[in-house]
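The values are calculated or read from the model by the stated rules, or taken from the named source; none is laboratory data. Every value quoted in this text rests on a predicted model; they were computed, and no experiment measured them. Heads up, the Cβs are rebuilt from the backbone with ideal geometry, glycines too, and the neighbour counts pull from every protein chain shown.
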Amino acid sequence: MPAEPRTARGRATRDRILKAATELVAEHGVAGTSLDDVRERAHASKSQLYLYFADRDELLRGVAQATCEVVMDTQADLLADFDSLAGIERYLDALVALQVERGAHGGCPIGSLAGQLAEQDDAARLILEDGFDRWEDALRDGLEMMAGRGELSSAADPALLANQTLALLQGGLLLTQLRRDPAQMRMAADAVLGLVSAAVRVTA
């Protein structure tokens, strides 16, 4: 059974191994990343790797968790503004701008890992599902704030809107990656804005 690091040096070693694995999987995919690759990049021995990760599957679960944390951390400020039409538009524009900056490469890190791990490791699938749940929860929180202020119609369902938003964004990210075309993300973003705008209460 892998050990939990007891010292700062041990934690640093584990973090270095996990960081190396996460970078390599992002660059080369799960199939293209070996434990030897990870050890080489992390400057770690085989004994150090197996001290903290029982096997490759456990290391990949760590990669899945780390990837979810990175995705949520990088969106935190923008998601905090997902409680008004202006804030939602800023959030969507930022997602599109990121795809332009990346040249439409990479897609969604969580979605990419889901496609590689979900059918082969249920524990990894659940970690990635939780990552998407956290993303959807953040979207729903903002929409519920709008509803609480009376800005959405009484028929609007913030939970459904959040689920639809995440589904549209994931579709946009996937098509952007496959077609190398950020316009696919723009269309998905516009569809989200249209959905939310349609739910906004009309005032006289």
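The sole residue among Leu139, Leu178 that is buried (at least 17 other Cβ atoms within 10 Å of the Cβ) and either in contact with a helix residue (DSSP H, G or I) (Cβ under 9 Å, 6 or more places away or on another chain) or part of a helix (DSSP H, G or I) (or both) is Leu139. Which ones in the range 155-187 are free of Cβ contacts under 8 Å to residues at least 40 places away in the same chain, aliphatic (A, V, I, L, M) and within 19 Å of Asp137 (Cα to Cα)? Within the range 155-187, Ala159, Leu160, Leu161, Ala162, Leu166, Ala167, Leu168 meet the criteria. Contact map, the range 41-52: residues that are in a loop (DSSP other than H, G, I, E, B) paired with residues that are surrounded by 15 or more Cβ atoms within 10 Å (Cβ to Cβ), Cβ distance under 8 Å, separation 6+ or inter-chain. Pairs shown: His43/Arg16; Ala44/Thr13; Ala44/Arg16; Ala44/Ile17; Ala44/Ala20; Ala44/Val38; Ser45/Arg39.
Scanning the range 40-66 for residues that are more than 27 Å from Asp130 (Cβ to Cβ) and of a type in the set (A, V, I, L, M) returns a single hit, Ala44. One residue alone among Ile17, Ile110 is buried (at least 19 other Cβ atoms within 10 Å of the Cβ) and in the same structural domain as Ala147 (by TED's automatic domain parsing), and that residue is Ile110.
Here's a check for you: in the range 29-86, which residue that is farther than 16 Å from Ile17 by Cα and assigned by TED's automatic domain parsing to the domain that holds Thr7 is surrounded by the most Cβ atoms within 10 Å (Cβ to Cβ)? Looking at the filtered set, the residue picked out is Gly29.
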